[in-house]
Amino acid sequence: MSAASPPLPTPQEPVDRPGLLQPGSGGDEPCLRADAARNRARLLEAAARLVAQHGAAGLTMEAVAAEASVGKGTVFRRFGDRTGLLVALLDHTEKKFQAALLGGPPPLGPGAPPVERLRAFGSALLRRTEEELELMLAAEPGGARRFTSPPRRFLYGHVTLLLRQAVPDADCELLAHTLMNQLDPALIHHLTRQCGMPLERLEDAWADLVDRVTGGLRPC
C-alpha cells in the first residue's frame, strides 16, 4: 500500500488540480529499468486475474508465475513472498483507481458536475471493493491507522473536494466521513456476503444518499 500520506486538501484547491492526490508511494518502481517495470506490471495483472477468478485465498506465487508465463523465482525476486505480492497488488489497483479519478473520462474523472462525480465515485468504488473484498479486508489497518492510511486519505480528500463544490456551506470535512462510512469494506462484506444484498442495491443507496446530502436531482 502507499507509504506517504498526501496533505489534506484546503477549500481553495480545485478538485482536478494535477498532483493534488498523489497515487501510490512511488517506492522503487521509478528506479526500475523500463523492461523490469513492464514485467512487474505484467505479474500484477496476472495476480489480479487470478484473484478475480479464484479469490485471494487461492493466490500463490506458483499460480502467478504460471499465469504470467515466467519462472517462480522471478515472482519471488520481485515481491519477496505472498504477503509482499498481496500488498503490491492492492497498491497497483489503487494507483489505477486514483488515476481514473484524476484523469479518466467523466463522470468518474474530471469534466462532470460534482454531484455526478460523487455518484460515479461511490458506484465505482463499490464495484472495485466487491471485486477485491478479500484483499481489502486482509489489508484493512486497525486502530488509529484506520483513517490515516494513505489510500483512505486520498479517497477522503477527493470526496471532501467534491462536496465543497456541491455544498460549500456544509461542514464538508465531517460530511465526507459520513459518506465514506457507507463505502467501508467491512460494511460491504456484511451487507453483500452476510445479508445477501445485491451490489445494485448498495449503488442505488449511495446515489440516494448523495442526492439527499447535496440536494441534487437524479438524471432521468
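Read-outs throughout are calculated quantities, based only on the coordinates presented, and are distinct from any laboratory measurement. Computed from a predicted model, the values in this text were never measured in an experiment. Quick reminder, even Gly has a Cβ in these numbers, built from the backbone with ideal geometry, and neighbours come from all protein chains shown.
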Ranked by Cβ crowding within 10 angstrom, fewest neighbours first, how are E94, E203 ordered? E203, E94
Output the relative contact order of the range 27-89, whole-number percent, from Cα pairs under 8 angstrom with separation of 6+ residues. 30
Sort D171, D204 so that the residue with the fewest other Cβ atoms within 10 Å of its own Cβ comes first and the one with the most comes last. D171, D204
